[in-house]
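Inspection log for the structure reproduced underneath, given as structure tokens.
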Amino acid sequence: MATLDLGVLISGRGSNLLSILHAEGASRLDARVRVVISNRPEAGGLVHAKARNVPTRVLPHSDFASREAYDEALVGALREAGVSHVVLAGFMRIVTPVLLNAFPDRVINIHPSLLPAFPGIHSQAKALAYGVKVSGCTVHFVDAGTDTGPVLAQSAVQVRHDDTEETLSARILAAEHALLPRALQWIAEDRVTIVPGEAGGRARVLVREE
């Protein structure tokens with residue numbers, strides 16, 4: 001079993017970051033958060049990190065001329081911190097091959113829908129507008145597409161007849177908080193294998209049973 005050295009990228013309140021830190025502190029996740037990086041200096045998740053003496057960095061995306069230049073700076077900061085895996089935990093930026101190639105098959109995202117349904121932003125509103133009866137969240141490896149990478153884990157959430165975007169989002173978020181540390185622990189336990197798709201098809205993730 002390996003201890004994951006995590007770099008967590010955030011843009012907002014950092015509740016999924018907090019779930020990782022709680023799991024780490026409770027010995028439910030064999031990982032150390034080496035650095036938390038935000039593209040927004042006002043991100044609330046930076047407060048969670050600082051309260052637990054986790055190093056933080058702020059890299060405003062507006063300081064860079066391109067997404068690639070921004071990701072070059074990210075890679076430098078992550079490598080400086082000794083990161084092995086990168087977690088996008090509410091990071092509202094599209095990452096480029098610059099980051100993905102620096103950490104191949106080691107960039108993980110949490111998304112508030114059962115992918116491939118409702119990729120991109122406002123997934124909960126899209127689910128309600130479509131009238132689905134079940135939504136949820138997905139942990140997946142990141143590739144060059146938008147929420148198209150191999151699926152590692154999913155958790156279903158029932159959609160209620162009286163749900164609003166806010167109420168559905170809150171229940172999905174609670175599911176995210178449980179799912180993300182669990183999926184990361186599978187990686188730490190070396191139980192996860194990405195299987196390339198046949199004839200250029202979609203890659204799949206196999207999780208070995210305990």
Practice item. Taking every pair of Cα atoms in the range 33-112, average 1/r, invert it to obtain the Kirkwood radius, and report Rg/Rh to two decimals. Key: 0.93
**Study point:** Separation between Cα centres of the range 121-150 and the range 80-94, rounded to whole Å
**Key:** 19
Review point. Any idea what log10 I(q)/I(0) is at q = 0.08 Å⁻¹ for the chain, Debye with uniform C-alpha scatterers and no solvent?
Key: -0.26
Check your understanding: If we count every other residue with Cβ under 12 angstrom of residue 11's Cβ, Lys/Arg +1 and Asp/Glu -1, where does the sum land?
Key -> +2
Exercise for review: In whole angstrom, note down how far apart the Cα centers of the range 152-210 and the range 16-44 are.
Suggested key: 18
**Study point:** Listed peptides 114-120, 172-178 by packing density, highest first (mean Cβ within 10 Å)
**Key:** 172-178, 114-120
Practice item. Looking at the chain, send over the antiparallel percent of its DSSP beta bridges, to the nearest 5. Key: 45
Review point. Which of the peptides 35-44, 193-202 is most tightly packed, and how do the rest follow, going by the mean number of other Cβ atoms within 10 Å of each residue?
Key: 35-44, 193-202
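No value in this document is a laboratory result; all are computed from the given coordinates. Note that the structure is predicted; figures quoted are calculated from it, not measured. A quick note on method: Cβ atoms are made from the backbone with ideal geometry, for glycine too, and the neighbour counts reach across all protein chains shown.
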